[in-house]
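Structure first, commentary second.
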Ligand SMILES: NC(=O)c1ccc[n+]([C@@H]2O[C@H](COP(=O)([O-])OP(=O)(O)OC[C@H]3O[C@@H](n4cnc5c(N)ncnc54)[C@H](OP(=O)(O)O)[C@@H]3O)[C@@H](O)[C@H]2O)c1
């Protein structure tokens, strides 16, 4: 099986390149080889690689910048996945794509299910929703995994920012009225690999089992279990830090920390559909502990007990 992987330099893409090892020949393309802002380059790359499966974690993820670059965000997050999906369908390939909790406006009282109507409140969320819809409209066998609050020990994310700021400051003021589930990028990658393995046939050389793919095709929420706030997330991160400095984490309201893009107050995703169809998911704080206890840099593929695959 040949797997075309995008976004290898990103949090999820980096982990996927390791988690998917053993499932097939991975052709991992970076921005210089396939620029998602250039739809012709996307089409050409898929035609050249002729994959059996496309896994697309690449995205325009600068949520605030998207407010002033919404056309670019829409091309990368909305149109490019649609082109990949069309090309995949023509090849008889399947596609895995990642989307976001930010397709919701956050006004629901409980956890969002896949049946809740999306209503994004920022340009990034609108662009990601456009990507979901383009894939769904293409008719390709697909899995769209909506995830939330992604972190890891590489790249740009809240965990690394909090750790850095805590070394420099005595007080961090962190928003405490946005609710969601921090999700380790490795949980996303390992869960993806486990699901792909289950949807393939063969022992030595895996091939896509088209019946299984079509039967399971659709939208799934894939996030760590439980919920917290950014403030709770920061407190838990710093509770693991052995540094001498004691940084106070002060809760603030969203309105006290204005940003260009609005964020949903409730980002909690119900993952019952994925758990029922495929496998369990770890609690957010257990996964965070594992990440911070040194499993974040190496040992890829060895945390299946954590991801419950
Ligand atoms: N981060 C979150 O908190 C979060 C939350 C919910 C959902 N998600 C979704 O989860 C998925 C993975 O996110 P992530 O956190 O792993 O993202 P990330 O760390 O920001 O990585 C994004 C990746 O996309 C690539 N990329 C961006 N623009 C590109 C272009 N024009 N052409 C080709 N590649 C391009 C980047 O390449 P360069 O290194 O060259 O820039 C990078 O490899 C995305 O679909 C995202 O929307 C993320």
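In region 156-168, the residues that are farther than 25 Å from residue 60 by Cα reach residues that are more than 16 Å from the ligand (Cβ to nearest atom) and part of a helix (DSSP H, G or I) with C-beta atoms within less than 7 angstrom, at least six apart or across chains, in these pairs: 166/238. The residue that is farthest from the chain's Cα centre (by Cα), counting only those in region 77-95 that are surrounded by fewer than 24 Cβ atoms within 10 Å (Cβ to Cβ) and within 13 Å of the ligand (Cβ to nearest atom), is 83.
Hey, could you check region 1-10 for residues that are more than 13 Å from the ligand (Cβ to nearest atom) and part of a strand (DSSP E or B) and say which is nearest to the chain's Cα centre (by Cα)? Give the derivation first.
At the first step, the residues of region 1-10 found to be more than 13 Å from the ligand (Cβ to nearest atom) are 1-3.
From the residues that got through so far, the ones that are part of a strand (DSSP E or B) too are 2-3.
Numbers: 2: 22, 3: 18 Å.
Residue satisfying both the conditions and the ranking: 3.
Is at least one residue of region 156-164 out of contact with any strand residue (DSSP E or B) (no Cβ under 8 Å at 6 or more places or on another chain), surrounded by fewer than 20 Cβ atoms within 10 Å (Cβ to Cβ), at pLDDT below 95 and under 21 Å from residue 7 (Cα atoms)? Among the residues of region 156-164, at least one is out of contact with any strand residue (DSSP E or B) (no Cβ under 8 Å at 6 or more places or on another chain), surrounded by fewer than 20 Cβ atoms within 10 Å (Cβ to Cβ), at pLDDT below 95 and under 21 Å from residue 7 (Cα atoms), which makes the answer yes. Selection of region 45-73 for residues being farther than 24 Å from residue 191 by Cβ, surrounded by fewer than 21 Cβ atoms within 10 Å (Cβ to Cβ) and under 17 Å from the mean Cα position of the chain (by Cα) yields only 62. Of the residues making up region 244-264, one or more are within 19 Å of residue 110 (Cα to Cα) and either in contact (Cβ under 8 Å) with a residue 60 or more places away in the chain or surrounded by fewer than 12 Cβ atoms within 10 Å (Cβ to Cβ) (or both). At least 2 residues being more than 22 Å from residue 192 (Cα to Cα) and modelled with pLDDT of 95 or more is the threshold, and among the helices (runs of 4 or more DSSP H) wholly inside region 11-129 those reaching it are 39-49, 70-73. For region 201-226, a residue qualifies if it is part of a loop (DSSP other than H, G, I, E, B) and either touching a residue at least 60 places away in the same chain (Cβ under 8 Å) or at positive phi (or both), and the qualifying residues are 202, 205, 206, 217, 222, 223, 224, 226.
You will find that of 124, 102, 98, the residue that is within 19 Å of the chain's Cα centre (by Cα), farther than 25 Å from residue 216 by Cβ, within 11 Å of the ligand (Cβ to nearest atom) and surrounded by 24 or more Cβ atoms within 10 Å (Cβ to Cβ) is 124 and no other. Among the residues of region 170-207, the one identified as modelled with pLDDT under 95 and either within 26 Å of residue 235 (Cβ to Cβ) or within 16 Å of the ligand (Cβ to nearest atom) (or both) is 170. Considering 275, 195, which residue is under 17 Å from the mean Cα position of the chain (by Cα) and surrounded by fewer than 18 Cβ atoms within 10 Å (Cβ to Cβ)? So the residue among 275, 195 that is under 17 Å from the mean Cα position of the chain (by Cα) and surrounded by fewer than 18 Cβ atoms within 10 Å (Cβ to Cβ) is 275.
Identify the residue in region 135-163 that is under 30 Å from residue 247 (Cα atoms) and assigned to a loop (DSSP other than H, G, I, E, B) and, among all such residues, is farthest from the ligand (Cβ to nearest atom).
Let us first name the residues in region 135-163 that are under 30 Å from residue 247 (Cα atoms), namely 147-163.
From what is left, the residues that are assigned to a loop (DSSP other than H, G, I, E, B) are 148-149, 152-157.
Values: 148: 5, 149: 5, 152: 8, 153: 12, 154: 8, 155: 4, 156: 7, 157: 6 Å.
Here the answer is 153.
Within region 112-121, the set of residues being surrounded by fewer than 18 Cβ atoms within 10 Å (Cβ to Cβ) and touching a strand residue (DSSP E or B) at 6+ places or on another chain (Cβ under 8 Å) comprises 113, 114.
The values are calculated or read from the model by the stated rules, or taken from the named source; none is laboratory data. Here the structure is a predicted model, which means the values were calculated and not measured. Please note: Cβ atoms are built from the backbone with ideal geometry, for glycine as well, and neighbour counts cover all protein chains shown.
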